[in-house]
1. Please verify whether residue B:40 is surrounded by 16 or more Cβ atoms within 10 Å (Cβ to Cβ), within 14 Å of chain A (Cβ to nearest Cβ) and within 13 Å of ligand 2 (Cβ to nearest atom), treating the condition exactly as stated.
2. Among the residues of region B:109-140, what is the count of those that are surrounded by 15 or more Cβ atoms within 10 Å (Cβ to Cβ) and more than 22 Å from residue B:88 (Cα to Cα)?
3. Given the criterion crowded, with 18+ Cβ neighbours inside 10 Å and modelled with pLDDT of 90 or more, identify the matching residue among A:115, A:97.
4. Just wondering, is there one or more residues in region B:43-59 that are more than 13 Å from every other protein chain (Cβ to nearest Cβ), touching a helix residue (DSSP H, G or I) at 6+ places or on another chain (Cβ under 6 Å), within 16 Å of ligand 1 (Cβ to nearest atom) and in a strand (DSSP E or B)?
5. Looking at the structure I just gave you, is residue B:172 more than 14 Å from chain A (Cβ to nearest Cβ), more than 16 Å from ligand 2 (Cβ to nearest atom) and farther than 17 Å from residue B:86 by Cα?
6. Which of the helices (runs of 4 or more DSSP H) contained wholly in region A:187-280 include at least 3 residues that are within 17 Å of residue A:116 (Cα to Cα)?
7. Which condition number in (1) more than 12 Å from chain A (Cβ to nearest Cβ); (2) more than 16 Å from ligand 2 (Cβ to nearest atom); (3) closer than 19 Å to residue B:42 by Cβ is the one that residue B:121 fails?
8. Does any residue in region B:14-26 that is more than 14 Å from chain A (Cβ to nearest Cβ) and in contact (Cβ under 8 Å) with a residue 12 or more places away in the chain come within less than 6 Å, Cβ to Cβ, of a residue that is away from ligand 2 (no atom under 16 Å from the Cβ) and not in a strand (DSSP E or B) six or more places away or on a different chain, and which pairs are these?
Ligand SMILES: Nc1ncnc2c1ncn2[C@@H]1O[C@H](COP(=O)(O)OP(=O)(O)OP(=O)(O)O)[C@@H](O)[C@H]1O
Ligand SMILES: [Mg+2]
């Protein structure tokens, strides 16, 4: 039976080959699109997670409220303001960092966490001064939750140690200040006298704005500079499984008034974009299915029409309806399998080629596009090819199996 | 046992093609059905051979009522017990002579045990040298003989032939008739032959003459 199916297909070499190519091509396109898209997504998520933690716990920002002021200053009076009081009351800070450390230490899903203090400061070197965004970290903890270390041009994150007033500058900021490795710059919190900091590293994040303002130092030294010992503005948390960020964040939100945000929530625009990309990929998948399915349907319909006589012979020598169905379905299946394999191979080759093209700009540490080789892409592509072939083969095959030998024999005699 | 035809009628719409046909064919008999064109010969043969069912009346093959057999039973019966030979040699163009002859055996998954018999049959039919050719590479007469070999491969109890010589020259027609004689003689196969050639009809042990949908002899 199988042999006959093969032979029938070989007898129609051109048709068979064309439809084989069609399925292969469709599958290939799917694999390339999916590979590029998922690669792009992996790139975006990685970029994102460099700057955002899986979960970020940060202090609630407090604003001055009219009612609060009225109640405190003028408890029993009617007040009307010419200009009502407004503005930020204080920097966002964690009310009870120690409590958070306990929670985090006791949550098994947490891989590691890094407490940080984020302050604005003024850096100056001889003549020039610039506003900087200074992040105080504990280097040993920070390197566990992000790949910041990979972005170091010179020195290491571990070179900033507590109590030594050491600092890492982003490369453009370094240039602006006219500083270099080893030089000393002055940092001021804007109120008190400046403190000297020694440059021990240069970092390049690849983001223009950040590269002009970003600086890293040890948490303790930043707390000292800011005159806020023990203060922490945020805790960046890394999880073993980043997909758990949203539910965990939701749970932790209930524990205090601090803000707890999973990376997905913090980047809703990006997540929306990813959803649109997914939709796009589904549309392509369906299109590929339809096109190859329609091709198979056509070829099989034509073939079955030409083969009525033979179907009659097979039925008259005792082949059952089911076997006729099998005969033609197996041809669709064979085409689907062969086309699926072809598509996977071509897709893989093209993905490799695309992935090896050197671009003139940098895409996350290299000059190549990120391409995903997730095995699921290949499995999906293959299954789609096979399924669409089968489904498309069912209708013509079924109508073939219903032909009775008599109708055809009478017609031809 | 044998083939029993019991009060058969066959209508196509208003046209009554077969009218109250009754006869019995014993196992091993060689019967011809003859009559003028349009008299209903083919229609009767199709009904006898499970390809069609009568409008009224019953056909019993080996005491089984063909009307009451289900699809599966009919498939099996055809595969094991019936050989068809038609005026047009219906061969599968993608299969070689040998593969075509073995087709019923392939269906019953007994292909390998029938290869020898296939070769013997082809030898007897003088087309052994065509064994690996495709139908399109053979003459009409050769193709018809391949079809005959296919009908005989499973050693069926019944052979139904509808004008098997209609497309052949005198020499080849005679050969086919000789072959049918021989099968009937040697393996006690029941043969029902439809023909409008009086000479060939006469070669059968019994002749059923149809006229206007009735048996007239
Ligand atoms: N499927 C059908 N629908 C309608 N009429 C039919 C059908 N099959 C056969 N007939 C009619 O039945 C009559 C007998 O046809 P049948 O084919 O049995 O004749 P026949 O004896 O075999 O003739 P021939 O010698 O020409 O082959 C014809 O008048 C034909 O038109
Ligand atoms: Mg006829």
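1. yes
2. Adding up the residues that qualify gives 4.
3. Only one candidate qualifies: A:115.
4. yes
5. Answer is no for this residue.
6. The helices (runs of 4 or more DSSP H) meeting that bar are A:219-225.
7. Going through (1) more than 12 Å from chain A (Cβ to nearest Cβ); (2) more than 16 Å from ligand 2 (Cβ to nearest atom); (3) closer than 19 Å to residue B:42 by Cβ one by one, residue B:121 breaks only (3).
8. If the second residue must be away from ligand 2 (no atom under 16 Å from the Cβ) and not in a strand (DSSP E or B), the pairs left are B:25/B:2; B:26/B:2.
The values are calculated or read from the model by the stated rules, or taken from the named source; none is laboratory data. Worth saying up front: this structure is predicted, and the values here are computed from it rather than measured. Neighbour counts are summed over all protein chains in view; Cβ atoms, including those assigned to glycine, are modelled from backbone coordinates with ideal geometry.
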